[in-house]
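Here the structure is laid out as structure tokens; the discussion comes afterwards.
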Amino acid sequence: MRPHRLVLEGGVVWSGGYAIGDVDARLRRNATGSTPPPFTLFSASSDLSRAASVSARIGFTLTPSLAIEGGGSFGMPRVGYAISQDPEVGAQQIDGEQLTQYFVDGALVWHLPMRLGSRVRPLVVGGGGYLRQLHEARTLAETGQVFYGGVGARYWIRGGLGTARSFGVRGDVRANLRRGGIDFEDQARVFPTVAVHLFLSL
Amino acid sequence: MTRAPRLVIAALLIVGFTSPVSAYLKLGASVGGRVVDVTWRAPVPYFVSDADAGSVSGADLRGAVARAAATWQAVPSATVRFEYQGMTAAPPGLVDGRTTIGFLDRPELDRVLGSTSFLIDTTNGAIVEADVFLNARFAWSVSAEGTPGRVDLESVVLHELGHLLGLGHSALGETELTGSGVRRVIASGAVMFPISMSAGTIADRVLQADDIAGISDLYPAAGQVAATGGITGRVTKNGRGLLGAHVVALNPETGALVGNFALDEAGVFSIIRLTPGPYILRVEPLDDAEVDSFFSTAIDVDFRVTYAPRMVVAPRGGSSSSIEIKVLPK
């Protein structure tokens, strides 16, 4: 990579689904003692669906190997839930609600000093950012942070590692740690993402 | 009843006297053809009758009332105030302009632990007085840990003070019919559930989310309306509204359960004063208590438990868009 160059990227990020918490609808059991065991009216297990987000990024190469970048993505995952343990109805899956999700992040990208052929260069990426999730009808927002690390590669379709105005495809796979956002147990969650971007190096 | 032309003793839990489609079953009075909430417009002044009930004295009752009143007053999202006026030799039930809480021996009411009645000025809906009677026929307990075989006085007083403040009954509970045809509570989610837990239990000394939402609706603390949200919708069966369907909202973040009924022929329900966030809605027939504890008219209980087709969000300071929940016959 040539140093001191801007790199523009646009693409798609696929996020894996993950659980966001279980809850029991509990009543107080009619039994003696100050804390009798609760009675479960029903249980609900919730998850955030797999979803695709559109993504745009801008980077700046500091050295031939190291770049900083920032960007944002927009997606609409669904919160679904499954009902169980209701003695009056069978287990069932409920559609849940559709979220509107924004993610703004910054990252460091290290292009490894190795080549896989003349057009491919592997990279390692790590970063973090701000997550904002809006409930359906955009009536309520929940915020959090996502930190991630991953590996990927750039493939130059035109130009090459050292040329200006080159472009190509970048793909990377990330492991993400999410804190905050919509979660019914307020726990940190880990989920995978796969990103594919077209890039243009100016 | 000396002022009978202007006053009326309010009966509890008559649907015709229930405020329309706002939230929770709460007591109402008809004023000029309009139903208004029965609420106190100042701190609730009360006397305690000095009559005993077996080994439980009037002074014991005074202590139980003070603890129960403190429990209601401690709800941070509501502004409830009681003012103890003193002991009295007068029993509850007299039309004397005083709100009196006390024991009466009513052996004919062998399934009634207590009840609350109101004298209301029907020209403006103001409460003139309200009395709470507790049946001395039962064996009562004021022990901190409860006493096996005895009914916890503080629990029952807490329930009756809920009525005194204007709350109706909650249907958030599960019961079973015993061999003698009496309903036994398996579990409940509200102090305002109409059937008490078994003698010896003390669980009903603690207000539940449903009780707190109800009292916060009647006496909202400053900023509560803006800080909480509501859910509204319609329950239908074969395309028609379903009066009396019980809707339970679960907040999956807090586990809080709050219930209310579809309160008109269109099947419209509303649950308000909720912590903002998504809710799971479960609709069930009113089959865990006597219908006349809630409604004076017949209601349809022939339908299956049904979950709303999606989560519903109670937005801060507002209400959800209306959701229709379609139920099927059993």
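Per-residue answers, yes or no, for (1) at pLDDT below 95; (2) more than 15 Å from the chain's Cα centre (by Cα); (3) among the β-branched types (Val, Ile, Thr):
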residue	(1), (2), (3)
B:GLY125	yes, yes, no
B:VAL128	yes, yes, yes
B:PHE133	yes, yes, no
B:SER141	no, yes, no
B:GLU145	yes, yes, no
B:GLY149	yes, yes, no
B:LEU153	no, yes, no
B:VAL157	no, no, yes
B:LEU161	no, no, no
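Restricting A:ASP86, A:ASP95 to residues that are at the interface with another protein chain (Cβ under 9 Å from one of its Cβ atoms) and within 22 Å of A:TRP14 (Cα to Cα) narrows the list to A:ASP95. Looking across A:LEU131, A:LEU116, one residue alone is loosely packed, with under 14 Cβ neighbours inside 10 Å, touching a residue at least 12 places away in the same chain (Cβ under 8 Å) and of a type in the set (A, V, I, L, M, F, W, C). It is A:LEU116.
Residues of segment B:246-266 that are within 26 Å of B:ALA187 (Cα to Cα) and either away from every other protein chain (no Cβ under 14 Å) or not hydrophobic (A, V, I, L, M, F, W, C) (or both): B:HIS246, B:ASN251, B:PRO252, B:GLU253, B:THR254, B:GLY255, B:GLY259, B:ASN260, B:PHE261, B:ALA262, B:LEU263.
Would you confirm whether or not segment B:188-197 contains a residue that is outside any loop (DSSP other than H, G, I, E, B), more than 9 Å from chain A (Cβ to nearest Cβ) and surrounded by fewer than 24 Cβ atoms within 10 Å (Cβ to Cβ)? Checked against the condition, which is being outside any loop (DSSP other than H, G, I, E, B), more than 9 Å from chain A (Cβ to nearest Cβ) and surrounded by fewer than 24 Cβ atoms within 10 Å (Cβ to Cβ), segment B:188-197 yields no hits at all.
May I ask you to verify whether A:GLY21 is in contact (Cβ under 8 Å) with a residue 60 or more places away in the chain, closer than 18 Å to A:VAL190 by Cα, of a type in the set (Gly, Ala, Ser) and within 14 Å of chain B (Cβ to nearest Cβ)? Yes. Scanning segment B:159-187 for residues that are closer than 17 Å to A:ALA31 by Cβ and in a strand (DSSP E or B) yields B:GLY173, B:GLU174, B:THR175, B:GLU176, B:ARG183, B:ARG184, B:VAL185, B:ILE186, B:ALA187. Filtered by the rule that a residue be under 17 Å from the mean Cα position of the chain (by Cα) and acidic (Asp, Glu), segment A:170-185 gives A:ASP172, A:ASP183.
Determine which member of the set B:VAL235, B:VAL248 is part of a strand (DSSP E or B), in contact (Cβ under 8 Å) with a residue 40 or more places away in the chain and within 28 Å of B:ALA74 (Cβ to Cβ). Let's see the steps before the verdict.
Values: B:VAL235 fails: within 28 Å of B:ALA74 (Cβ to Cβ).
Step by step, each of B:VAL235, B:VAL248 is checked, and only B:VAL248 is part of a strand (DSSP E or B), in contact (Cβ under 8 Å) with a residue 40 or more places away in the chain and within 28 Å of B:ALA74 (Cβ to Cβ).
If the condition is being among the hydrophobic types (A, V, I, L, M, F, W, C), assigned to a strand (DSSP E or B) and within 11 Å of chain A (Cβ to nearest Cβ), then segment B:278-326 contributes B:ILE280, B:LEU281, B:VAL283, B:VAL312, B:VAL313, B:ALA314, B:ILE323. Annotation: of all residues in segment A:154-169 being modelled with pLDDT under 95 and in a strand (DSSP E or B), the one that is farthest from the chain's Cα centre (by Cα) is A:ARG158. Residues in segment A:63-74 that are surrounded by fewer than 15 Cβ atoms within 10 Å (Cβ to Cβ) and of a type in the set (A, V, I, L, M) were compared, and the one that is farthest from the chain's Cα centre (by Cα) is A:LEU66.
Identify, from the list B:ARG150, B:ARG106, the residue that is of a type in the set (Lys, Arg) and touching a residue at least 40 places away in the same chain (Cβ under 8 Å). Only one candidate qualifies: B:ARG150.
The values are calculated or read from the model by the stated rules, or taken from the named source; none is laboratory data. Every value quoted in this text rests on a predicted model; they were computed, and no experiment measured them. Backbone-built Cβ (ideal geometry, glycine too); neighbour counts: all protein chains shown.
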